[in-house]
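Contents: one structure, followed by commentary.
The values are calculated or read from the model by the stated rules, or taken from the named source; none is laboratory data. Not measured: the values here are computed from a predicted model. Heads up, the Cβs are rebuilt from the backbone with ideal geometry, glycines too, and the neighbour counts pull from every protein chain shown.
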Amino acid sequence: MASRSGKGRGLKSFINIKTIIGGAVVFLLVWLVATMTMATEQKAIFLPGVTSEGHLGFEASCASCHEGFKKVSNETCNRCHEAELEQDIHGDKKFRDIRWAEKLEKLDALTCTACHGEHVKMYGRGVHLQPDLCMACHEGIITGEMTSHEGFTADGCWTAGCHNYHDHRSISTGFLYDNLDQPPMLPVQTVPEIVVEAQLETAPSPDLKSEFLGGGT
Amino acid sequence: MKKLLAIAFSITLSLALSLGLSLTASLPAQADSITEAELNEITAQWKPSAHALADVNCSSCHQDSETKAFVEKPNYESCQSCHEGETDTFLLGKHGIRLREGQTPLTPTKARIAMKPEAHSKQMNCNACHNVHSVDTYQASVDSCLTCHNDEHSLNYKNSKHSQSFLAEGNIERPSNASVTCSTCHLQREADKSGKNTFVNHNNTYNLKPRDRMASEVCMNCHGMEYAFNSIFDNELVNSNFSRPPEIHLKSFDMVRVLQEKREGK
């Protein structure tokens with residue numbers, strides 16, 4: 001008798017309201033975390049801020065840029081951006097030269113993330129520094145060294161579209177000078193033609209059939 | 001002890017549930033075979049194609065070269081084995097980067113610009129734009145883009161002068177360099193690494209921004225510099241897909257003219 005009533009109490013206390021609520025809370029928490037981590041698409045929950053336009057499409061793929069909590073390296077950026085930066089005028093080639101060492105103290109031009117942060121507020125072109133960043137080295141241009149640029153605003157160099165920090169090819173004075181006064185349509189257009197040469201005169205016989213009809217290999 | 005048991009039970013149950021859910025989500029789609037009529041149609045598309053005449057047979061794409069196992073739906077790696085430049089650049093652009101990073105293919109739902117609602121579930125893979133059996137690039141040059149893209153610039157293409165050049169050429173297997181299609185500007189033809197062959201750079205964002213890149217690398221293949229820059233920096237003109245000559249005049253050119261006058265003593 002005594003033992004039976006003991007069991008009864010045990011069962012009752014096991015399913016008392018506190019245990020049920022506690023169990024449900026733990027269940028929900030673990031379920032939430034586990035589901036989010038298992039379903040890779042949901043990793044976005046861990047993003048610390050808004051992702052820039054260019055990286056938005058794969059923002060849930062943390063490992064694309066991050067290795068644990070290590071700082072993001074130039075090598076990581078170059079996995080994708082190498083070709084675009086081939087002609088980088090403000091790149092390694094310039095700043096590995098000792099003559100420019102002093103300038104690097106003003107702006108760490110050798111580190112991508114010095115200007116291109118992520119998950120923070122951007123000012124265009126994936127740049128998180130204030131738009132007047134050029135002034136760190138080129139302030140003289142708007143304060144008297146260059147008559148043509150006198151009185152220009154400090155934040156307009158690139159935001160107005162006139163200058164491109166990494167690539168001067170199409171925006172340098174020399175380029176503009178050389179191409180002034182061209183007609184709207186150039187006399188010679190230079191879109192390459194694609195030529196595909198056939199190796200066979202007629203198509204060979206299709207070499208698979210039953211596989212497509214569900215016949216297996 | 002009882003509380004501990006309850007907690008342990010909850011943890012096990014929730015783990016099992018979420019594991020079950022994620023497994024269900026990742027189950028492969030059931031293999032579906034096609035009818036003989038469909039196969040005949042595909043074979044007919046393939047026969048006169050550049051693939052067939054280059055001796056690219058069914059097994060070239062639909063059979064694993066090592067295990068000889070049948071591959072029902074070849075992925076980009078299959079295309080990459082011949083079209084290396086095209087695939088590598090596709091994987092670097094917005095269309096393909098998710099695949100490169102091991103994620104599910106991009107779908108228009110993830111886009112931040114207007115996309116056609118009926119295309120929302122389309123998955124970006126090589127065959128999203130290319131008919132891989134007929135392999136003509138006519139469809140891939142304009143129609144494929146407009147299957148999804150629904151923004152002002154895209155929709156206005158059909159009213160543009162560029163479009164007239166494409167229409168004038170008619171439905172040919174591969175638009176010539178006289179046609180200005182979506183891909184003429186957004187998926188450029190370039191010399192490959194060897195410099196001997198032309199390939200199509202499938203990184204759609206390669207020259208898109210900053211706009212000076214588009215002006216010099218793309219517009220200036222055909223247009224003079226001032227016309228190109230004055231057009232590309234005019235938002236209204238970009239939206240209208242260049243429906244008229246540019247009306248803005250960038251100050252930069254005046255500055256260079258002042259310099260020119262000084263230097264040449266004009």
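Set side by side, the residues B:17, B:53, B:21 differ, and just one is modelled with pLDDT of 60 or more and either within 26 Å of the chain's Cα centre (by Cα) or within 7 Å of chain A (Cβ to nearest Cβ) (or both), which is B:53.
As a summary of the residue check, residue A:176 satisfies the conditions (1) in a loop (DSSP other than H, G, I, E, B); (2) surrounded by 15 or more Cβ atoms within 10 Å (Cβ to Cβ) except for the one numbered (1). Quick check on my filter: what residues within the stretch B:65-77 are within 10 Å of another protein chain (Cβ to nearest Cβ) and not basic (Lys, Arg)? Residues satisfying the conditions are B:67, B:69, B:70, B:71, B:72. Within the stretch B:193-200, does at least one residue satisfy the condition of being farther than 23 Å from residue A:166 by Cα, touching a helix residue (DSSP H, G or I) at 6+ places or on another chain (Cβ under 8 Å) and buried (at least 16 other Cβ atoms within 10 Å of the Cβ)? Taking every residue of the stretch B:193-200 in turn, at least one turns out to be farther than 23 Å from residue A:166 by Cα, touching a helix residue (DSSP H, G or I) at 6+ places or on another chain (Cβ under 8 Å) and buried (at least 16 other Cβ atoms within 10 Å of the Cβ).
Are any of the residues in the stretch B:79-94 assigned by TED's automatic domain parsing to the domain that holds residue B:188, over 28 Å from residue B:193 (Cβ atoms), among the small types (Gly, Ala, Ser) and exposed (fewer than 15 other Cβ atoms within 10 Å of the Cβ)? First the steps, then the outcome.
Going residue by residue through the stretch B:79-94, those that are assigned by TED's automatic domain parsing to the domain that holds residue B:188 are B:79-94.
With over 28 Å from residue B:193 (Cβ atoms) added as a condition, the list becomes none.
No: the stretch B:79-94 contains no residue that is assigned by TED's automatic domain parsing to the domain that holds residue B:188, over 28 Å from residue B:193 (Cβ atoms), among the small types (Gly, Ala, Ser) and exposed (fewer than 15 other Cβ atoms within 10 Å of the Cβ).
So is residue B:233 within 23 Å of residue B:113 (Cα to Cα) and within 8 Å of chain A (Cβ to nearest Cβ) or not?
Values: within 23 Å of residue B:113 (Cα to Cα): yes; within 8 Å of chain A (Cβ to nearest Cβ): yes.
Taking the combined requirement at face value, the residue satisfies it.
Remark: residue B:254 matches the filter, which requires a residue to be part of a helix (DSSP H, G or I) and loosely packed, with under 13 Cβ neighbours inside 10 Å.
Remark: pairs (first residue in the stretch B:242-259, more than 14 Å from residue B:224 (Cβ to Cβ); second residue part of a loop (DSSP other than H, G, I, E, B) and of a type in the set (Asp, Glu); Cβ separation under 8 Å; 6+ apart in sequence or on different chains) = B:247/B:234; B:248/B:234.
For the stretch B:199-227, how many residues are outside any loop (DSSP other than H, G, I, E, B) and within 9 Å of chain A (Cβ to nearest Cβ)? Don't jump to the end; show me each part of the working.
Let us first name the residues in the stretch B:199-227 that are outside any loop (DSSP other than H, G, I, E, B), namely B:199-200, B:211-217, B:219-221, B:223, B:225-227.
Narrowing further to those that are within 9 Å of chain A (Cβ to nearest Cβ): B:199-200, B:211-213, B:215-217, B:220-221, B:223, B:225-227.
Here the count works out to 14.
Could you tell me whether the stretch B:92-102 includes any residue that is in contact with a strand residue (DSSP E or B) (Cβ under 9 Å, 6 or more places away or on another chain) and facing chain A (nearest Cβ under 7 Å)? No, the conditions are met nowhere in the stretch B:92-102.
Restricting attention to the stretch A:158-165, does a residue exist that is within 11 Å of chain B (Cβ to nearest Cβ), in contact (Cβ under 8 Å) with a residue 40 or more places away in the chain and either in a loop (DSSP other than H, G, I, E, B) or in contact with a strand residue (DSSP E or B) (Cβ under 7 Å, 6 or more places away or on another chain) (or both)? The answer is yes, given that some residue of the stretch A:158-165 is within 11 Å of chain B (Cβ to nearest Cβ), in contact (Cβ under 8 Å) with a residue 40 or more places away in the chain and either in a loop (DSSP other than H, G, I, E, B) or in contact with a strand residue (DSSP E or B) (Cβ under 7 Å, 6 or more places away or on another chain) (or both).
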